[in-house]
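The values are calculated or read from the model by the stated rules, or taken from the named source; none is laboratory data. Model, not experiment: these values are computed from the prediction. Positions of Cβ are backbone-derived with ideal geometry, glycine not excepted, and every protein chain shown enters the neighbour counts. Ligands, DNA and RNA are excluded from the accessible area calculation, which covers all protein heavy atoms including side chains. Shrake-Rupley method; radii C 1.70, N 1.55, O 1.52, S 1.80 Å.
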Amino acid sequence: MIAAVVLAAGASSRYGVEPPKQQELLPRVLGALERSSVDDVLVVAGAHALATPARVVQCDDWARGPGASLRCGLSQIEAEAAVVVLADGPDLDPRAIDRVIESWREHGGSVVAAAYGGLRLHPVLLAREAWAQIPDSGARGLDARLVKCDDLIPPGDVDTREG
């Protein structure tokens with residue numbers, strides 16, 4: 001089973017708080033996940049409560065960094081691997097998710113990430129054996145095998161209302 005962990009715990013201070021960017025952008029990210037081959041979806045909330053039909057876990061340690069939020073989410077799923085995406089990446093393409101999953105199934109690896117023009121972005125697949133290695137700074141600190149997604153639009157990373 002492959003689960004998706006959506007990181008949505010940050011304070012979104014540069015975006016403004018009403019409503020938080022996670023609340024505005026999360027439906028698009030969840031829609032992409034629904035169109036992918038993931039079996040389960042978990043949203044990790046932190047600074048803001050989120051109204052969503054998805055399963056949500058509240059991470060009280062969210063301020064320690066994205067790794068703390070990710071570990072919180074991973075502790076709540078039963079899966080052989082987790083696809084990690086950001087709630088503020090509204091252009092997430094379900095084909096990128098499936099491409100990363102397929103690459104992991106065919107070639108293995110503990111960390112597999114989508115790359116756009118050689119730049120490592122999301123989604124990132126973490127095999128179960130990588131879960132214990134995640135630092136507070138997040139999975140970016142782990143070496144990854146990259147999967148080319150140059151033909152797809154990157155997921156984005158919205159920080160302000162202007163984009």
query = Mind checking the angle between helix 94-107 and the chain's longest principal axis? C-alpha axes, 0 to 90 degrees, to the nearest 10.
reply = 40 degrees
ask   = So in the chain, what percent of DSSP beta bridges are antiparallel if you round to the nearest 5?
value = 30 percent
ask   = By the gyration tensor of its Cα atoms, with a ≥ b ≥ c the square roots of the eigenvalues, what is the shape of the stretch 87-140: rounded for a/c under 1.5, prolate for a/b over b/c, or oblate?
value = oblate
message = Need one number: nm distance between label points at ILE153 and GLU102, each 7 Å from Cα along Cα→Cβ, rounded to one decimal.
response = 2.1 nm
request  = Assign unit charges at the C-beta atoms only (+1 for Lys and Arg, -1 for Asp and Glu), then state the dipole size of the chain relative to its Cα centre in Debye, rounded to the nearest 20.
outcome  = 140 debye
message = Given a 1.4 angstrom probe, I'd like the percentage of the accessible area of the chain that is carbon and sulfur, rounded to a whole number.
response = 50 percent
message = So if the hydrodynamic radius of the stretch 36-156 is defined as the Kirkwood radius over C-alpha pairs, what does Stokes-Einstein give as its diffusion coefficient at 10 °C and 1.306 mPa s, in µm² per second?
response = 109 µm²/s
ask   = Rounded to the nearest 0.05, what FRET efficiency do ALA51 and ARG120 have when you use their Cβ-Cβ distance and R0 = 35 Å?
value = 0.65
query = Label-point separation (nm) for GLN58 and ASP91, each offset 7 Å from Cα along Cα-to-Cβ?
reply = 3.5 nm
request  = With unit charges on the beta carbon (Lys/Arg positive, Asp/Glu negative), name the residue among VAL112, LEU70, PRO135 whose Cα is farthest towards the positive pole of the charge dipole of the chain.
outcome  = PRO135
ask   = Measuring with a 1.4 Å probe in the full set of protein chains, what accessible area per residue, in whole Å², belongs to the stretch 1-113?
value = 43 Å²
message = With an 8 Å Cα cut-off and a minimum separation of 6 or more residues, compute the relative contact order for the chain in percent.
response = 27 percent
message = Give me the net charge for the shell around VAL44: Cβ to Cβ below 12 angstrom, other residues only, Lys and Arg +1, Asp and Glu -1.
response = 0
Cα gyration tensor, the stretch 19-101 - rounded (a/c under 1.5), prolate or oblate = oblate
task = Under 1.5 on a/c is rounded, so check that first for the stretch 42-90, then, if it is not, pick prolate when a/b is larger than b/c and oblate when it is not; a ≥ b ≥ c are the square roots of the alpha carbon gyration tensor eigenvalues.
result = rounded
message = Along the Cα→Cβ direction, 7 angstrom out, place labels at GLU80 and GLU34. What is the inter-label distance in nm?
response = 2.7 nm
